Amino acid sequence: FKEPDEKGSFCDIFWADPTEDDEADDMDDEELQEWRETEFRTNKARGCSFVFGYRAVKNFLERNNLTT
């Protein structure tokens, strides 16, 4: 047993998080549109990996012929 590395694919699978819906609650229309278009951003809460957004999930589903 060992801690996952702070970089690399295992780290990303293990530590990636979805965006929180409540992040968008106080946004204006322009900020909300940018939030919806976000695929990935740095995961500041964990200090490693990424936060993935709606656009990343949608693209993954489309590329893999899965339903949205």
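For residue 5, the accessible surface of its heavy atoms amounts to roughly 90 Å² (probe 1.4 Å, protein chains only, rounded to the nearest 10). Counting only DSSP H runs of at least 4 residues, each contributing -39500 (n - 2.57), and dividing by the residue count of the chain, the helix-based mean residue ellipticity at 222 nm comes to -10500 deg cm²/dmol. The phi-based Karplus calculation (6.51 cos²θ - 1.76 cosθ + 1.60; θ = phi - 60°) puts the 3J(HN,Hα) values of the range 35-49 at 4, 5, 7, 5, 8, 9, 8, 4, 8, 5, 5, 9, x, 7, 6 Hz, whole numbers, x for Gly and Pro.
Is the C-alpha gyration tensor of the chain telling us rounded, prolate or oblate? Criteria: a/c under 1.5 is rounded; beyond that, a/b larger than b/c is prolate, otherwise oblate. Don't skip to the end; give the middle numbers.
Numbers: a/c = 2.95, a/b = 1.39, b/c = 2.12.
It is oblate, given that a/c is not under 1.5 and a/b is not larger than b/c.
The listed residues 35, 15 rank as 15, 35 when sorted by accessible area, largest first, using a 1.4 Å probe. Under a Gaussian network description of the chain, with springs only between Cα atoms under 10 Å, the residue in 14, 40, 50 that fluctuates furthest is 14.
The values are calculated or read from the model by the stated rules, or taken from the named source; none is laboratory data. Note that this is a predicted model, so its numbers are computed, not measured. All accessible areas refer to the heavy atoms of the entire protein, side chains included, with ligands and DNA or RNA removed. Shrake-Rupley method; radii C 1.70, N 1.55, O 1.52, S 1.80 Å.
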